[in-house]
């Protein structure tokens, strides 16, 4: 792993798992997403991981038209690195998921590195009343949901974004996903440095035990060595516990309302910025420094904000 005391904080602003009924603070409209992203950048996030939603219902929306409602505003207001999801929603096709990244050519796009059961139906036990019909169906249908990311699908994203200078946040939900990334590296289809986002706590993926975190790190270190730029996200209540462990191991961290709607046990986060501010306190409390957007660009070998298409 690269030796540096600078830590990249990524903020994932809204995502596609949580629904509007779960938190009044979840950004849904273009204005809310833009304001949340800008606030997160001002609080210390070097990278903004972005999804879009239908402004009326809050349902995930992966059309380029949805993204263009807030991308220019974010770019004008902050120097943060913009990361556009190609994960979209697990219910979407890979062609739908990749379209915004292909259109807008961001500095980074996320890339899921393997198929998996992707279940969030246990949330039905916590929430009884929903504002929109789609929310209950969204949760219930995940009992039978396989989030497809076949080798062919991954190749499709790489081919679709080929030549535009976009690099990737490789989202790895289990150990096998690290080996899939190594496979694409061996074929020369992805180039170092490798920004690996290890995801803990999604039902169907790796768990949240400290040994799970260590196993991910050991395996990633062995496969990618000095070319690894390791980051973690802990879903839900494990967000900051896993972030703290990763920081002690030399990692980078991701927070945001996509991954957790909480700021503390039983307390909803009132904004993405509040989670970033808490993450910043963790970083600085360990004697480390928060990476600026320019630091992140150097650490990850990015093309620069002047070469995007928005």
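The values are calculated or read from the model by the stated rules, or taken from the named source; none is laboratory data. Computed from a predicted structure; not experimentally measured. We place every Cβ from the backbone using ideal geometry, glycine too, and count neighbours over all the protein chains shown.
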### Query
Is it the case that some residue within the stretch 64-78 is farther than 20 Å from residue 102 by Cα, buried (at least 18 other Cβ atoms within 10 Å of the Cβ) and modelled with pLDDT of 95 or more?
yes
### Selection count, the stretch 33-67, where residues are within 28 Å of residue 291 (Cβ to Cβ) and assigned to a loop (DSSP other than H, G, I, E, B)
5
### Message
Going by what's in this entry, would residue 107 be described as touching a strand residue (DSSP E or B) at 6+ places or on another chain (Cβ under 8 Å) and either touching a residue at least 60 places away in the same chain (Cβ under 8 Å) or over 28 Å from residue 75 (Cβ atoms) (or both)?
### Response
yes
### Task
Determine the pairs where a residue that is without any contact (Cβ under 8 Å) to a residue 40 or more places away in the chain, located within the stretch 220-231, has a partner that is assigned to a helix (DSSP H, G or I) and surrounded by fewer than 21 Cβ atoms within 10 Å (Cβ to Cβ) with Cβ atoms under 9 Å apart, the partner being 6 or more residues away or on another chain.
227/185
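Could you say which residue among 245, 197 is over 24 Å from residue 53 (Cα atoms) and either under 19 Å from the mean Cα position of the chain (by Cα) or assigned to a strand (DSSP E or B) (or both)?
Going through 245, 197 in turn, the sole match is 245.
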### Message
With the requirement that a residue be part of a loop (DSSP other than H, G, I, E, B), within 17 Å of residue 105 (Cα to Cα) and in contact (Cβ under 8 Å) with a residue 12 or more places away in the chain, what does the stretch 149-190 give you?
### Response
161, 164, 165, 166, 190
### Summary
By residue number, the members of the stretch 122-140 that are touching a residue at least 40 places away in the same chain (Cβ under 8 Å), in contact with a helix residue (DSSP H, G or I) (Cβ under 8 Å, 6 or more places away or on another chain) and surrounded by 13 or more Cβ atoms within 10 Å (Cβ to Cβ) are 123, 127, 130, 132, 135, 139
### Query
Quick one: residue 296 ticks every box in (1) in contact (Cβ under 8 Å) with a residue 24 or more places away in the chain; (2) more than 21 Å from residue 79 (Cβ to Cβ); (3) crowded, with 17+ Cβ neighbours inside 10 Å; (4) out of contact with any helix residue (DSSP H, G or I) (no Cβ under 8 Å at 6 or more places or on another chain) bar one, so which box is it?
(2)
